[in-house]
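Written out below as structure tokens is the structure these notes cover.
The values are calculated or read from the model by the stated rules, or taken from the named source; none is laboratory data. Owing to the predicted nature of the structure, the values given are computational and were not obtained by experimental measurement. Every residue, glycine among them, receives a Cβ derived from its backbone with ideal geometry; neighbour counts consider all protein chains shown. With ligands, DNA and RNA removed, areas are computed over all heavy atoms of the protein, side chains included. Shrake-Rupley method; radii C 1.70, N 1.55, O 1.52, S 1.80 Å.
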Amino acid sequence: MRRTWRPDFPLDVGAVLGPLRRGPGDVAFRAVGGVWLTANTPVGPGTLHITRSDAVEAQAFGEGAEWLLDGLPALLGAQDDDAAFESHHPLIAETRRRFPGVRLGSTGRVWDCLLPAVLEQKVTAIEAHRSYAQLCRRFGTPAPGPATGMFVPPTPRAVLSINDWEWHKAGVDGARRRALIAAAQVAHRLENAAELRGEAGRALLCKVPGIGVWTAAEVAQRVWGDADAVSFGDFHLAGLVGWALLGRPLDDDGMAEVLAPYSPQRHRAVRYVELSGARKPRFAPRFSPRDYRAI
């Protein structure tokens, strides 16, 4: 199935879809010859291929093809509204000028974003991405269509079927394992967060043991393009925002104070900080990834 869509606003497809990528080895997202991504939709698995010329050209495969094509405008930020956003800092203003096509997209799929977000709790990105790719290959399904080597993420039912030794083999510790199992047991209810949106949607996600403010924000940013969902509790984010905007480190309380003028679009401000290329200084060696399989 195919669809051509012409947005009436500047659009940078790569920047909008970039947050959906879970590391360079992501088997559910590929940026070669356009963007390929896989998904569990309400009607079954699907693969979406997006390219951009004068218009956005999309092709979809699998049972979820029609659903994915229907959601193409929202995925690429058509529901996002940044009209009231004010750049209170020169770096944010300059970055916004340089990236006029950046918008906050909405996948509409809670589970597919919740699974990798839980895996990223309190571990290095390398550890989380390795576990995610392994779980997709082992318990996901091959991507419909011609996307060889890609996989649709495991469904909640598939996650509930994973044995303890398989979790261990994938490098997932007990805390993240328990959070994923608890989420999988009520996954159908958690999809309602995409309808509630905003603080109410994030609060629904936080009712699951093991899902807190950070995880709920990471999901909200991607599932319904929540412009105010800041990932408080992130190991690096407060420091990045502090060094970029003030030239010094901050903790979460300090970041909340600095971002307060941007409410209710604080996440959008953070997104511009991330895109600016600003980096915080390094004072120590990079933290070494752990391998739970060796324990």
>> How large is the direction-averaged shadow of the alpha-carbon convex hull of the range 19-64, in nm²?
In response: 3.7
> How would LYS122, LYS169, LYS207, LYS280 rank on accessible area, largest to smallest, probe 1.4 Å?
Replying inline: LYS122, LYS207, LYS169, LYS280
> Where Lys and Arg each count +1 and Asp and Glu each count -1, what net charge lies around TRP167 among other residues with Cβ under 9 Å from its Cβ?
Replying inline: 0
> Just how large is the dipole of the range 8-119 about the Cα centre, in debye to the nearest 20, putting +1 at every Lys and Arg Cβ and -1 at every Asp and Glu Cβ?
Replying inline: 440
>> Can you tell me the length gained on complete extension of the stretch ALA256 to TRP5, counting 0.36 nm per residue apart and subtracting the Cα distance?
In response: 86.6 nm
>> Once you order the gyration tensor axes a ≥ b ≥ c over the Cα atoms, which shape class does the range 49-179 get: rounded for a/c under 1.5, otherwise prolate or oblate by comparing a/b with b/c?
In response: oblate
>> Given the DSSP H assignment, sum -39500 (n - 2.57) over each helix run of at least 4 residues in the chain and divide by its residue total; what's the result at 222 nm in deg cm²/dmol, nearest 500?
In response: -11500 deg cm²/dmol
>> Can you compute the label reach from PHE99? Point 7 Å from Cα along the Cβ direction, backbone N cut-off under 15 Å, restricted to the range 261-281.
In response: 266-280
>> List residues of the range 177-210, by number, whose backbone nitrogen lies under 16 Å from a label position 7 Å along Cα→C-beta of GLU86.
In response: none
> Among all stretches of the chain without exposed GluC sites (Glu not before Pro) (DSSP loop, at most 15 other Cβ atoms within 10 Å), which one is longest?
Replying inline: 87-295
> Using the beta-carbon distance between ILE126 and GLU57 and R0 = 35 Å, what value does 1/(1 + (r/R0)^6) give for FRET efficiency, to the nearest 0.05?
Replying inline: 0.55
> Tell me, in nm to one decimal, what length is gained between CYS206 and VAL43 on full extension, where the rule is 0.36 nm per residue of separation less the Cα-Cα distance?
Replying inline: 56.1 nm
> Which whole-number value in Å³ per residue fits the convex hull of the alpha carbons of the range 64-125?
Replying inline: 147
> Assuming a viscosity of 0.692 mPa s and a temperature of 37 °C, what translational diffusion coefficient in µm² per second does Stokes-Einstein assign to the chain, Rh being the Kirkwood radius over Cα pairs?
Replying inline: 166
> About its Cα centre, how strong a charge dipole does the range 90-229 have in debye, to the nearest 20, once Lys and Arg get +1 and Asp and Glu get -1 at the Cβ?
Replying inline: 160
> Semi-axes, largest first, in whole Å: what does sqrt of 5 times each Cα gyration tensor eigenvalue give for the range 1-109?
Replying inline: 26, 15, 13
>> Order THR215, THR148 by their accessible area, 1.4 angstrom probe, all chains in place, largest first.
In response: THR148, THR215
>> Rounded to the nearest 20 debye, what is the charge dipole size of the chain about its Cα centre when +1 sits on each Lys and Arg Cβ and -1 on each Asp and Glu Cβ?
In response: 860
> Summing +1 for each Lys or Arg and -1 for each Asp or Glu, what net charge is found among the other residues whose Cβ lies under 13 Å from the Cβ of GLN121?
Replying inline: -1
>> Restricted to Cα positions, what overall size does the range 137-264 have along the principal axes? Three whole-Å values, descending.
In response: 46, 35, 31
